[in-house]
Amino acid sequence: MGTSNSCICGRKRHAHTAVNIAQVEEWICGKDSNPGTSKSPREIERVTGISRSTVRCIAKHDLNLKIYPEREVQKLSDNERFDKTSSRLQMTQEVNDR
């Protein structure tokens, strides 16, 4: 089991080559100076030709990263944000007046 090119069961890991690890690292971590530019495993699969499961395994085992899906969050407009802030201030003033 001593080589880095075999998995725990002793089978050869053909997809976990240094070249593939470098490609996945470049697409996931290489653009840290520009947030939001990293790619998902599916996008990396399309660009590099490395299977999605291999991309996930490389990220998890070789790069010690956790892959999780992006989630859409609710975006508040400036008016809504102001309304929430002003209502919080009003509620705290009412509590303090009691």
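The values are calculated or read from the model by the stated rules, or taken from the named source; none is laboratory data. Keep in mind that this is a model prediction, so the values were computed, not measured. Positions of Cβ are backbone-derived with ideal geometry, glycine not excepted, and every protein chain shown enters the neighbour counts.
General remarks:
- The residue of the stretch 57-86 that is nearest to Thr17 (Cα to Cα), among those that are surrounded by 10 or more Cβ atoms within 10 Å (Cβ to Cβ) and among the polar types (S, T, N, Q), is Thr85.
- Among the numbered conditions (1) out of contact with any Leu (no Cβ under 7 Å at 6 or more places or on another chain); (2) at pLDDT 75 or above; (3) among the hydrophobic types (A, V, I, L, M, F, W, C), the only one that Leu89 does not meet is (2).
- Scan of the stretch 5-25 for residues that are modelled with pLDDT of 85 or more and in a loop (DSSP other than H, G, I, E, B), ordered by number: Thr17
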